[in-house]
Amino acid sequence: MSTQNLPTVSVILPILNEEPYLRDAVHSILSQDYLGNFEIVLAVGPSKDRTQEIADQLHKEDARVVVVENPTGRTAAGLNLALNNSVGTIIVRVDGHAQIPINYISLAVELLTSTGAVNVGGMMAAVGVTTFEKSVAGAMRSPLGVGASRFHTGGEAGEVDTVYLGVFKKDALLAIGGFDERFTRAQDWELNFRLRANGGTIYFDPRLQVTYRPRSTVAALAKQYFEYGRWRRAVSRRHKGTINYRYLAPPVALSGFLLSLVMGSLIHTIFYLPAATYLLFMAAASITIARSLSQYIYLLAVIPTMHFAWGAGFITSPRNLIPTDSSK
């Protein structure tokens, strides 16, 4: 494709409390080797730090950075605001704490053209800085931690149900009404379901890697995965038949573990066996993931936290988490 025929690209970011990461995220976009025109649209929510100030300064430094207000601070609302204020025919979604490699946009545009997909994406390349973050990153890249989704663990390029973030044909997004603003989490999965239902193809390519910074504490990790479980259950209610065995594994593991403890304490110690087996399996799995003794110790807490928090969120997800009508 000649330079003259390259589509205009809009990179959209929903931003809230991203002071430590925003400047690096934007610079990674401005450093792209893409030869066509592109802009960056920041939908900035009411942050408690200097995020708004940094966003405004980035706009002053480079006119390609556009800042729009996102009064609610909600991710899906910010994405729609950025989408509606974009000029590109290709939409690249990036998060404020993520960084993309220099060829990300050019490769994604090439893949959209060659595959005919409406959304292409790749790896959620978790990279930690502290020992705890590195432990979480290792668990996130392992099927033992988060299952076998290709955008976590890698694999061959091809059609998939969903990808991390994504690079979209704008007309395909507009055709389905953009992001569903009722979803606080799981917007990507829900959006990709509607894109596929509308006849589109979602395509994964492991060369598209986005650097992701994991949560830095057990409490923050537990909250994150609890919300993942709650909202994945909401998606399953909204779109029937979208749950597979991988999504049922965490709630089943949590239920079995708790039942084992209760029966072991009330009936007979033999019933402790399932819980003990799970813990032994996690201990063995952590050995295959850890790169140091300290990481191994952290992983003994990290992996069960991911499993059980996700499972607890899934089990306790209320039916009224989103409205049942079709309005957005």
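The values are calculated or read from the model by the stated rules, or taken from the named source; none is laboratory data. All figures in this text were calculated on a predicted structure; none of them were measured in a lab. Positions of Cβ are backbone-derived with ideal geometry, glycine not excepted, and every protein chain shown enters the neighbour counts. Side chains are part of the model used for accessible areas, which takes the heavy atoms of the whole protein and leaves out ligands, DNA and RNA. Shrake-Rupley method; radii C 1.70, N 1.55, O 1.52, S 1.80 Å.
How many residues are open to solvent by 30 Å² or more (accessible area, probe 1.4 Å), farther than 19 Å from residue 310 by Cβ and touching a helix residue (DSSP H, G or I) at 6+ places or on another chain (Cβ under 7 Å) if we restrict to segment 158-175? If you could, list the steps in order and put the result at the bottom.
Here is the first cut: in segment 158-175, the ones open to solvent by 30 Å² or more (accessible area, probe 1.4 Å) are 159, 161, 169-171, 174-175.
Within this subset, residues satisfying the condition of being farther than 19 Å from residue 310 by Cβ are 159, 169-171, 174-175.
Next, from what is left, pick out any that are touching a helix residue (DSSP H, G or I) at 6+ places or on another chain (Cβ under 7 Å): 169.
Total satisfying the criteria: 1.
Report, by residue number, each residue of segment 66-89 that is crowded, with 21+ Cβ neighbours inside 10 Å, at pLDDT 95 or above and touching a helix residue (DSSP H, G or I) at 6+ places or on another chain (Cβ under 6 Å). Residue satisfying the conditions is 70 alone.
The condition (being β-branched (Val, Ile, Thr), within 28 Å of residue 160 (Cα to Cα), part of a helix (DSSP H, G or I) and open to solvent by 50 Å² or more (accessible area, probe 1.4 Å)) is satisfied by just one residue among 277, 288: 288. Of the helices (runs of 4 or more DSSP H) lying entirely inside segment 138-205, those containing at least 1 residues that are within 30 Å of residue 300 (Cβ to Cβ) span 143-146, 150-153, 187-197.
Among the conditions (1) open to solvent by less than 20 Å² (accessible area, probe 1.4 Å); (2) within 22 Å of residue 181 (Cα to Cα); (3) out of contact with any helix residue (DSSP H, G or I) (no Cβ under 6 Å at 6 or more places or on another chain), the only one that residue 117 does not satisfy is (2).
Return yes or no: is residue 148 at pLDDT 95 or above and not aromatic (Phe, Trp, Tyr)? I'd like the intermediate steps shown before the answer.
On the way: at pLDDT 95 or above: no; not aromatic (Phe, Trp, Tyr): yes.
Judged against the criteria, residue 148 is not a match.
The residue pairs whose first member lies in segment 175-200 and is closer than 11 Å to residue 161 by Cβ and among the hydrophobic types (A, V, I, L, M, F, W, C), whose second member is part of a loop (DSSP other than H, G, I, E, B) and open to solvent by less than 60 Å² (accessible area, probe 1.4 Å), and whose beta carbons are closer than 6 Å, counting only pairs six or more residues apart or on different chains, are 189/162; 193/239; 195/118. Can you find a residue in segment 3-25 that is open to solvent by 30 Å² or more (accessible area, probe 1.4 Å), closer than 27 Å to residue 183 by Cβ and aliphatic (A, V, I, L, M)? Yes: segment 3-25 contains one or more residues that are open to solvent by 30 Å² or more (accessible area, probe 1.4 Å), closer than 27 Å to residue 183 by Cβ and aliphatic (A, V, I, L, M).
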